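The structure appears below as structure tokens.
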Amino acid sequence: MELLIGAGVIAATLRLATPIAFAALGGVITERSGVTNIALEGCMLFGAFFGILAADKTGSAPLAVLIGLLAGIVLAAVHAVASVTWRADQIVTGMALNILALGVTSYLNYEIYGSGVPSGVPLLPALNLDFLAAVPFVGGVIGHQNVLVWLALVLVIVLQLYMFRTVAGLRLRAVGEHPRAADTVGISVYKTRYAAVIVSGMLSALGGAYLSIGFLGSFNENMTAGRGFIGLAALIFGNWRPFGAFAAALLFGFSTALSFRLADPSVWPSQAVLFQALPYVLTLIAVAGVIGRSIPPAASGRPYRKQ
């Protein structure tokens with residue numbers, strides 16, 4: 001039982017769910033506005049690479065996070081122009097940007113660092129809650145988590161309240177459900193969708209920056225390993241709601257933490273490699289199970305033409 005629900009596994013679940021949660025929250029925002037952003041994976045990659053590059057060159061982790069966010073915003077802005085202004089196919093545009101992000105980050109990483117990012121790069125600190133250290137289980141789970149883990153928890157609450165308890169959130173949802181009606185009452189569909197796509201890129205890049213300068217302290221080619229796509233699965237599984245998306249991210253984080261534990265050759269010698277595929281198998285099962293049952297925003301993925 002300790003193998004499955006011990007404090008170490010739950011703490012690892014929070015750490016591993018954080019980048020997925022950032023991507024899922026970004027996806028919730030943009031899909032609620034009516035734009036499908038498949039480029040969450042590419043924004044994560046940009047945030048991860050340019051975040052650690054900035055940390056190496058500036059020596060400042062907070063500044064590195066800011067630069068990583070700006071990189072994600074740039075990529076998301078390209079998607080916004082293509083999908084909102086030019087009304088291009090959002091799936092094709094998103095996949096093209098993912099391929100572009102993979103190529104750009106791989107090339108720059110090779111050209112700048114070659115064999116790898118140098119050691120000593122400043123990392124984002126953990127919040128050490130010493131007053132919880134003596135509390136059994138709780139201290140082991142949340143006593144020493146990274147600041148971005150706590151930021152993700154706060155953002156879930158803030159976005160849930162914003163989306164369902166504020167006028168601005170109502171307008172965002174109106175644009176994603178019936179853009180023509182929203183436009184009729186004076187809500188700018190284009191501005192709302194631009195803002196939502198850019199915010200989604202920013203949050204996804206934050207998840208990527210967490211991976212490189214908050215969790216691993218390094219960068220390697222395609223280090224996001226599909227977490228942006230898992231974030232998309234999480235928002236679908238969570239019914240396009242922040243709380244639901246975060247719960248789904250925790251589920252995928254738990255499966256990843258469990259796969260690491262089960263993949264330990266000392267525990268399961270012959271099945272170690274198979275367990276590494278557990279998070280991706282769970283993603284397929286989860287999405288297949290909710291397709292047809294969860295209802296997306298009515299105008300999601302549909303370009304809008306102002307008349």
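Out of residues 5 or more away from Asn146 or on other chains, whose amide H comes under 5 Å of its own, with H placed 1.01 Å from N in the peptide plane? The answer is Leu127. Would you mind finding the longest exposed-site-free stretch of the chain, with exposed chymotrypsin sites (Phe, Trp or Tyr not before Pro) meaning DSSP loop and at most 15 other Cβ atoms within 10 Å? Looking at the chain, 138-307 is the longest stretch - no exposed chymotrypsin sites (Phe, Trp or Tyr not before Pro) with at most 15 other Cβ atoms within 10 Å. Once both axes come from the Cα atoms, what is the angle between helix 167-177 and the longest principal axis of the chain, in degrees from 0 to 90, rounded to 10? The angle comes out at about 80 degrees. These residues, Glu111, Glu41, Glu177, go from largest to smallest accessible area, 1.4 Å probe, as Glu111, Glu177, Glu41.
Model label sites at Phe243 and Ala88, defined 7 Å from Cα along the beta-carbon direction, differ in position by 3.8 nm. P(r) tail for the chain: Cα pairs beyond 31 Å make up 29% of the total. For the stretch 1-100, the fraction of C-alpha pairs more than 21 angstrom apart is 45%.
Multiplying the residue separation of Val138 and Lys57 by 0.36 nm and removing their Cα-Cα distance gives an extension gain of 25.4 nm. A helix-only calculation puts the chain at -21500 deg cm²/dmol for mean residue ellipticity at 222 nm, using -39500 (n - 2.57) for each DSSP H run of at least four residues, averaged over all residues.
Residues in the stretch 237-246 carry Karplus couplings, in order, of 4, x, 6, 6, 10, x, 4, x, 5, 5 Hz; the curve used is 6.51 cos²θ - 1.76 cosθ + 1.60 with θ = phi - 60°, and Gly or Pro positions show x. In the context of the full protein assembly, Arg171 retains an accessible surface of approximately 130 Å², using a probe radius of 1.4 Å and ignoring ligands and nucleic acids. In the stretch 75-147, the C-alpha radius of gyration followed by the widest Cα-Cα span (Dmax) gives 20.8, 57 angstrom.
The values are calculated or read from the model by the stated rules, or taken from the named source; none is laboratory data. Fair warning: this is a prediction, and the values are worked out from it, not measured in the lab. All Cβ positions, glycine included, derive from the backbone under ideal geometry; neighbour counts span all protein chains shown. Ligands, DNA and RNA are stripped out before the accessible areas are found, and what is left, the full protein with its side chains, is counted by its heavy atoms. Shrake-Rupley method; radii C 1.70, N 1.55, O 1.52, S 1.80 Å.
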